[in-house]
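Contents: one structure, followed by commentary.
We did not get these values from a lab; they are worked out from the coordinates using the rules stated. Note that the structure is predicted; figures quoted are calculated from it, not measured. Cβ placement follows ideal geometry from the backbone for every residue including glycine, while neighbour counts extend to all protein chains displayed.
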Amino acid sequence: MKKVCIFFMVGLFFLSFSIVLGADEENKLSLKPGITFDEFKAYWEQEGTTPEGAVKCLIIAVLETVKEGNKDGKKMWALLLPKDHVTSTGEPDSRHRNAINQFNRQIKGTNFKGAIAASYLGGTPGNGYSCAYSNDIDVDEGQSIYDDDGTKLFVRSGGKDIASPVLLKKNKDGYWKIFEYSSLYTGVKSIQTKDF
């Protein structure tokens, strides 16, 4: 009888644990290309509380801006920046013009702009820099430095040989803002065609 009771208690524990995990997955928002500003903001409010989530949001905002041509893409981008880096119209200020231009480059062998950003969400030269917003960013934990005042993540790309550093700081509301990300938009490997 004692064994049956213990077995029942252990089973009940695992059942309740799986229900809690399932509820978390149900509450997790998922995005697809062509999102609205409100959808992105809700996603940002959910994911921006971790450095990894903030970087993923930046990559999605970049893809919406340069690949999808979303009219609200730059406003999405600005949500991730410190307030003094945002214009009165809610877009990144002139300090980010180079980032926008560099992410906007078309990589040889692709038929779209945004392959650099796509390389952080599953894109590789081998798959034509195809990506999905549901993919997580890949962080090199050995190089990354975590601190409450400022965190430096080293993010891996499917198109580069080395991870790219991103400097983030947590604001008073608990959201991570991106202060430095210029290494993210350095080039990626072109797609080599066998047509020669």
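Numbers at a glance
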item: Neighbour-count ranking [beta-carbon atoms within 10 angstrom, fewest first] of I35, I191; result: I191, I35
item: Region 94-143 shape via C-alpha gyration tensor axes, a/c threshold 1.5; result: oblate
item: Sorted peptide list for 156-169, 131-144, criterion being average Cβ within 10 angstrom, highest first; result: 156-169, 131-144
item: Cβ-based exposure ranking for L121, L58, in which fewest neighbours within 10 Å come first; result: L121, L58
item: Cα gyration tensor shape of region 33-185, rounded if a/c is under 1.5, else prolate or oblate by comparing a/b with b/c; result: oblate
item: Ranked list, fewest to most other Cβ atoms within 10 Å of each Cβ, for I60, I107, I145; result: I145, I107, I60
item: Under 5 Å, built H, 5+ apart or other chain: amide partners of F179; result: L167, L168, K169
item: Where trypsin sites (Lys or Arg not before Pro) fall in DSSP loop in region 58-96, at most 11 other Cβ within 10 Å; result: K71
